[in-house]
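**Q** Take this structure, written in structure tokens, and hold onto it; I'll ask about it next.
The values are calculated or read from the model by the stated rules, or taken from the named source; none is laboratory data. Since the model is a prediction, treat every value here as computed from it, not as a measurement. Virtual Cβ from ideal backbone geometry, glycine too; neighbours counted across all protein chains shown.
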Amino acid sequence: MTPLPENPQRPISEDDRDTAVRRLQEAYAEGHISHEEMDGHLHTALTARTHSELAPALAALPAEKPATTSTIAAAGGRIRRGGAWRVPRNLKVESAFGRVHLDLSRAVVEHSVVDIELQLGTGRAKITVPRDAIVDIDNLHTGWKDTHYKPPRRSRPGGPTIRISGTMGFGRLKIRHAGR
């Protein structure tokens, strides 16, 4: 059961709405609610303006699974992930001297939002995101070189949001969308 926030009359954000829709879809896929219940609850979630209006749609759902966090670390050498790997909700990448290459283009991304925290000393980093991903780098701090990222001109809805944060010392981060 989902508890109400401290102020139930507070307006819901797009992230709140996206999370509610994802949870309803997961509950349906896992057999916790029927197709008719999902339709009704989705309508409620998509038209709700406040948390108190959203709460009935989520009240009968099982508790949300805790966010998964994984850390990939290397003092020197390369960190490389590619192919069909499962991307956790929170990914922390630590490297003092090596290069980092994360390819999410064929990865299994089960979360609507993925947080990647970079803690890099020197060396370059390259992240390839799914074609329809939305990338947020507002909380990334670079010491020496700027981040190289060119958002796509047109993005299709439905892709994950990849939020990249953390600190980079002397390396450069290059982010590209798959298929570009």
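**Q** Give me a count of the residues in segment 1-54 that are at pLDDT 85 or above, acidic (Asp, Glu) and closer than 24 Å to HIS111 by Cβ.
**A** Number satisfying all stated conditions: 2.
**Q** Another question, then. ALA73 versus (1) modelled with pLDDT of 85 or more; (2) of a type outside the set (Phe, Trp, Tyr); (3) in a helix (DSSP H, G or I); (4) over 22 Å from ARG10 (Cα atoms): which is the lone unmet condition?
**A** Against the list (1) modelled with pLDDT of 85 or more; (2) of a type outside the set (Phe, Trp, Tyr); (3) in a helix (DSSP H, G or I); (4) over 22 Å from ARG10 (Cα atoms), ALA73 comes up short only on (3).
Every residue, every condition in (1) surrounded by 15 or more Cβ atoms within 10 Å (Cβ to Cβ); (2) within 19 Å of SER70 (Cβ to Cβ), yes or no:
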{"position": "VAL113", "(1), (2)": "yes, yes"}
{"position": "GLN119", "(1), (2)": "yes, yes"}
{"position": "ALA125", "(1), (2)": "yes, yes"}
{"position": "THR142", "(1), (2)": "yes, no"}
{"position": "ARG153", "(1), (2)": "no, no"}
{"position": "PHE170", "(1), (2)": "no, no"}
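**Q** Does segment 84-107 include one or more residues that are at pLDDT below 90, farther than 22 Å from PHE170 by Cβ, assigned by TED's automatic domain parsing to the domain that holds ARG163 and loosely packed, with under 12 Cβ neighbours inside 10 Å?
**A** Checking segment 84-107: at least one residue is at pLDDT below 90, farther than 22 Å from PHE170 by Cβ, assigned by TED's automatic domain parsing to the domain that holds ARG163 and loosely packed, with under 12 Cβ neighbours inside 10 Å.
**Q** Given the structure, is GLU117 touching a Lys or Arg at 6+ places or on another chain (Cβ under 7 Å) and either more than 30 Å from GLY40 (Cα to Cα) or among the hydroxyl-bearing types (Ser, Thr, Tyr) (or both)?
**A** yes
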